[in-house]
Amino acid sequence: MKIISTIDELRDQLRGQLRTAFVPTMGNLHEGHLSLMRLARRHGDPVVASIFVNRLQFGPNEDFDKYPRTFEADAEKLEKEGVYVLFAPTEKDLYPEPQEYRVQPPDDLGGTLEGEFRPAMFPGVCTVVTKLFSCVQPRVAVFGKKDYQQLMIIRNMARQFAMPTEVIGAETVRAADGLALSSRNGYLDAAERAEAPALYRTLQDVAERVRASHPGLPALEREAMAHLSARGWQPDYVSIRKRADLKPPTREEYAAGAGLLVLAAARLGATRLIDNLEIER
Ligand code: PAF
């Protein structure tokens, strides 16, 4: 595996490659990331991964400084997965001058859910992903469904800008107790780690109740949030949305069988976790 930090060297290395499959990451790789590498391999060759903790997508009081950086261990894991190039630019390599041009997602998709609570997130993600796509020029790129809204925003961005990159979503990988794998799980202490699967169980409960009847989705959302609060969480949202556009379904859309999912974000102690579940009905 070649570890490359500059854009020029990356372009030289990938020149002539027409089937590159790309997995951008912020490092601290776990089994969830490795499953993205394996999916990438099924859709293209060579597989290129990147590790870059992107300051642009963190708000001023968020965890940019403490975000876990485990480069050596990450590189070893990627090598074992048969990744051809690891692009690991420094901030100076990727942003040699202040990044004044930004890619701004539309408000209705980028300003809701995560966008409401983390306004820097999606403009930062769209900007860095556009730049990384421009460096790697992948035919396909893989993103996890754990960040469902991010996946949708990037997929729509690639389509609207006619980027020659197909955006593929990968299933969420969970621990045996249901907790979605995330680099931020490492912030949890033992008691919080034991409590953390309650977020997924809450989503399962909401999904089950949506399947069983339609008592009013806002009431279900409120009850789920109250349940988490009673267990000591501080929920930002539990929200049932349409898979197609992440808007709340109307009664008519619900009755017509619109594809739904439930998304949640909640703080446990100092750690903010997100998760989602597609509702089969
Ligand atoms: O999902 C992530 O790890 C990041 O948001 C991404 C897509 C690598 C952009 O920095």
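The values are calculated or read from the model by the stated rules, or taken from the named source; none is laboratory data. Predicted model, so just to flag it, every value in this text is computed and none were measured. All Cβ positions, even for glycine, are placed from backbone atoms using ideal geometry, and neighbour counts span all protein chains on display. SASA here: full protein model, heavy atoms, side chains in, ligands and nucleic acids out. Shrake-Rupley method; radii C 1.70, N 1.55, O 1.52, S 1.80 Å.
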Review point. Debye sum, Cα scatterers, the range 9-61, no solvent: what log₁₀ I/I(0) at q = 0.15 1/Å?
Key: -0.52
Revision key, fill the gap. Here, the range 10-148 modelled as identical Cα point scatterers in vacuum has Debye log10 I(q)/I(0) at q = 0.10, 0.12 Å⁻¹ of -0.34, -0.49
**Study point:** Packing-based order for 250-262, 113-125, using average beta carbon neighbours within 10 Å, highest first
**Key:** 113-125, 250-262
Practice item. Work out which helices of the chain, taken as complete DSSP H runs, extend at least 15 Å along their axis over the Cα atoms and score a mean Kyte-Doolittle of 0.5 or more, then list them. Key: 121-136
Exercise for review: Specify the residue with the greatest mean-square fluctuation among ALA175, ALA141, ALA265, computed from a Gaussian network of the chain linking alpha-carbon atoms under 10 Å apart.
Suggested key: ALA175
Revision key, fill the gap. note: the range 102-221, Cα-Cα separations exceeding 19 Å make up a percent value of 60 percent
Check your understanding: Heavy-atom accessible area per residue, the range 44-94, 1.4 Å probe: how many Å²?
Key -> 49 Å²
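Taking the Cα centre of the range 205-250 as the origin, how large is its charge dipole in debye, to the nearest 20, when only Lys and Arg (+1) and Asp and Glu (-1) carry charge on their Cβ atoms? Provide the component values of the computation, followed by the final result.
Working: 8 positive and 6 negative charges, 33 e Å.
Result for the range 205-250 is approximately 160 debye, rounded to the nearest 20.
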Exercise for review: On a C-alpha basis, how far is the centre of the range 22-85 from the centre of the range 134-210 in Å? Whole number, if you could?
Suggested key: 14 Å
Study note, to complete from the structure: Quick shape summary for the chain, equivalent ellipsoid via Cα gyration tensor, semi-axes whole Å in descending order, reads 33, 21, 18
Exercise for review: Can you bin the range 174-281 into rounded, prolate or oblate? Criterion: square roots of the alpha carbon gyration tensor eigenvalues sorted a ≥ b ≥ c, rounded for a/c under 1.5, prolate for a/b above b/c, oblate for the rest.
Suggested key: prolate
Review point. Normalised by the residues of the chain, what does the relative contact order come to in percent, with Cα pairs under 8 Å and at least six apart?
Key: 18 percent
Review point. Quick one: how many Å² of LYS66 are accessible to a 1.4 Å probe, rounded to 10?
Key: 110 Å²
Revision key, fill the gap. For ILE3, the accessible surface traced by a 1.4 Å probe with all protein chains present amounts, in square angstrom to the nearest 10, to 90 Å²
Study note, to complete from the structure: From highest to lowest solvent-accessible area (probe 1.4 Å; ligands, DNA and RNA excluded), ASP107, ASP12 read ASP107, ASP12
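How would ARG231, ARG222 line up by accessible area, probe 1.4 Å, largest first?
Heavy-atom accessible area, descending, gives ARG222, ARG231.
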Practice item. Can you send over the solvent-accessible area of TYR148, 1.4 Å probe, protein chains only, in Å² to the nearest 10? Key: 20 Å²
Practice item. Pick out which of SER183, SER229, SER239 has the largest mean-square fluctuation in a Gaussian network model of the chain, springs linking Cα atoms closer than 10 Å. Key: SER229
Check your understanding: For the range 159-250, which whole-number percentage of the solvent-accessible area (1.4 Å probe, protein heavy atoms only) is attributable to carbon and sulfur atoms?
Key -> 52 percent
Practice item. Could you work out the mean projected area of the convex hull around the alpha carbons of the range 73-119, in square nanometres to one decimal? Key: 5.8 nm²
Check your understanding: Relative contact order, percent, of the range 69-182 when contacts are C-alpha pairs under 8 Å separated by at least 6 residues?
Key -> 19 percent
Check your understanding: Dividing the alpha-carbon radius of gyration of the range 233-281 by 2.2 N^0.38 Å (N being the number of residues), what value is obtained?
Key -> 1.31
